[in-house]
Structure formats: C-alpha cells, structure tokens
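Asker: This is the structure I have questions about; it appears just below.
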Amino acid sequence: MKKITIAIDGYSACGKSTLAKDLANKLGYIFIDSGAMYRSVALYCIQNKLIENNIPDKKKIIDALPSIRLSFKKIDDKNVLFLNGVNVESQIRSNEVASVVSLIAAISEVREKLVHEQQKMGLNGGIIMDGRDIGSVVFPNAELKLFVTASEEIRVKRRFAELQSKGIKSTLDDVRLNLSERDYLDTHRAISPLIQVDDAIVLDNSNLTREEQLEFVLSLI
Ligand code: CDP
C-alpha cells in the first residue's frame, strides 16, 4: 500500500505526540516530533547563554545555528533526539525549556533551518509529523491533515500528569500559565503561526480515550 504523509497540528499538550506515536506503531511509519527539535534549539540557547532575562539574543542565536546538529536515533523502538551527539530527550521536557521555546520558535532563521530538515525527512512519505506548522508549511501536500484540540482543563491535567510521571516538579497553575502563554505566542507570531488549515480534519479528543482517537484516525486513513 502507498505510504502517505500525515500532518498533525494543534495547541500545546493536546495529545498530538501520543496519537502520532500510536499511528506510527500501527502503520510502521516514521514519527517525528517537530516540537522536540524546537525544544532542542531552545536548550542549546540556554546552555550557551544566548537568552538573557527571557529575551533571546537573536543575532547570537542566528550565528550559532550552524553549530546546532540535530539527529533522531532509534532506541528501544523510540525515536530519540540527539543534540550535537548528546541524548537530550529528558532535558528538553524541563520547565525551563518550556518557558522559552516559543520565543525561540518565533525566529524565522530557526524555523527555516528546522523546516528544511523536516522536509528532507519526509521525502519518501510514510511519515507522521506533529507540530504547529506541519499541514500549513512543512507538508502542505500531506494526504491527511489533522488539527487536534482538547479543552484547556484537560490539556492542563494531561501535561501535569506527564511532568509528574517524569519526576519534573510543577503545579497545575504553572502548567496552565505556560500552556496559555505558548498558545498565545504560537498563534500570534508573524512567521508560520499555528492555524487550522482548510483541508485539516478537526479532532477534539477531550472525551476520547487513546484507543478511540486512534480508531477514528485509522478509519480516516
Ligand atoms: O508538547 P507540546 O504540545 O507542549 O509542545 P511541543 O510540540 O513540544 O512544541 C514546543 C514548542 O515548539 C511550541 O509551543 C512551539 O512554540 C514550537 N513549535 C513550533 O513552533 N513549530 C512546530 N512545528 C513545533 C513546535
């Protein structure tokens, strides 16, 4: 059967990556978490002091871009992200990274670099990518585009539980604030803001189990 491209966009913490992983397992496709790539660039900027008082030093960041190498490697059946040869999978989920990533993702040169890498990964189809600009910019010709959404309260609870399971200390209020700040920045930035494209199918998974949402998307495919 022909391998298609599946683009999944939506707000923060609405379960895009969970759905993408389940689909990739079921279909034998590659899953790419594009948010992890933006988080890794943000981590690099923190580590190299390219952000001061929550203000990114745009010039220094653009100059540093050629030194940022991202690669995915399969470990125990999971696609793990390496930043300059180091596995950063757990570090990129920190509150510190979450608090600056949307500022970094608004820099056009950062987006150009990552979009180019993402498009290369998708050349042969058989890929599921989740993010904010996948159906609009990265894969505008994707055969299936989903716009995933869930109520704010459910997203806050899901992200809080996820952080707890990873041993990252947080509060419901901190999570709520971070999600709403990022959603605002992601939908209002000048370059490739999060939008619901005309040909995307909306999936509100507020009241769906993981299995139910997977069944729904498989029926679309
Ligand atoms: O996991 P969560 O939904 O909270 O976010 P993520 O997918 O890890 O993405 C982190 C951040 O990266 C987002 O809030 C966006 O600012 C940025 N991002 C983006 O601009 N474009 C993408 N394709 C993916 C993520």
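Asker: Expected output is a single nm value to one decimal: the length gained when fully extending between ILE55 and LEU123, i.e. 0.36 nm times separation in residues minus the C-alpha distance. What is it?
Answerer: Between ILE55 and LEU123, full extension yields 21.0 nm more.
Asker: Here's another thing I want to ask about it. In terms of the ratio Rg/(2.2 N^0.38 Å) built on C-alpha atoms, what value belongs to region 1-103?
Answerer: Dividing the Cα radius of gyration by 2.2 N^0.38 Å gives 1.19.
Asker: Going highest first, how would you order 131-142, 113-124 by mean Cβ packing within 10 Å?
Answerer: 131-142, 113-124
Asker: Roughly what percent of Cα-Cα pairs across region 60-145 reach past 18 Å?
Answerer: When all Cα pairs of region 60-145 are counted, 54 percent exceed 18 Å.
Asker: What does the convex hull of the Cα atoms of region 102-148 come to per residue, in Å³, rounded to a whole number?
Answerer: So the per-residue Cα hull volume is 75 Å³.
Asker: Where does each of TYR11, TYR184 land when they are ordered by accessible area, with a 1.4 Å probe and the largest first?
Answerer: Result of the area sort, largest leading: TYR184, TYR11.
Asker: If you don't mind, another one. Label points 7 Å out from Cα along the Cβ direction at PHE82 and ILE201: separation in nm?
Answerer: Those two pseudo-labels are separated by 3.6 nm.
Asker: So how much slack lies between GLU112 and ASP173, counting 0.36 nm per residue of separation and subtracting their Cα-Cα distance, in nm?
Answerer: 18.6 nm
Asker: Taking the Cα centre as origin and putting +1 on Lys and Arg beta-carbons and -1 on Asp and Glu beta-carbons, what dipole magnitude results for the chain, to the nearest 20 debye?
Answerer: 640
Asker: How are the C-alpha pair distances of the chain spread across 10 Å bins, as whole percents from the shortest bin up?
Answerer: All Cα pairs, binned at 10 Å, distribute as 8, 34, 40, 17, 2, 0 percent.
Asker: On to the next question. Excluding ligands and nucleic acids, what accessible area in Å² is computed for ARG176 using a 1.4 Å probe, to the nearest 10?
Answerer: Here the residue's solvent-accessible area equals roughly 60 Å².
Asker: Once fully extended, how much extra length lies between GLU181 and GLN164, figured as 0.36 nm per residue of separation less the alpha-carbon to alpha-carbon distance?
Answerer: 4.1 nm
Asker: Taking every pair of alpha-carbon atoms in region 132-221, give the share separated by more than 20 Å as a whole percent.
Answerer: That tail contains 49 percent of the Cα-Cα pairs.
Asker: Now for a different question. Show which lysines lie in cross-link reach of LYS120 when reach means a straight Cα distance below 18 angstrom and same-chain residues fewer than eight apart are skipped.
Answerer: Result set, ordered by chain and number: LYS3, LYS73, LYS74.
Asker: Related question: Percent antiparallel among DSSP beta bridges with both residues in region 1-157, to the nearest 5?
Answerer: Antiparallel bridges: around 40 percent, rounded to the nearest 5.
Asker: If each of ARG210 and GLU153 carries a label point 7 Å out from its Cα toward its Cβ, how far apart are those two points in nm?
Answerer: Calculated label separation equals 2.4 nm.
Asker: Right, something else. For region 21-65, what is the convex hull volume of its Cα atoms per residue in Å³?
Answerer: Considering the Cα atoms of region 21-65, their hull volume per residue is 85 Å³.
The values are calculated or read from the model by the stated rules, or taken from the named source; none is laboratory data. Remember, predicted model here, so these are calculated numbers, not experimental data. With ideal geometry, Cβ positions are generated from the backbone for all residues, glycine too; neighbour counts draw on all protein chains shown. Just the protein is used for accessible areas: all its heavy atoms, side chains included, with ligands, DNA and RNA removed. Shrake-Rupley method; radii C 1.70, N 1.55, O 1.52, S 1.80 Å.
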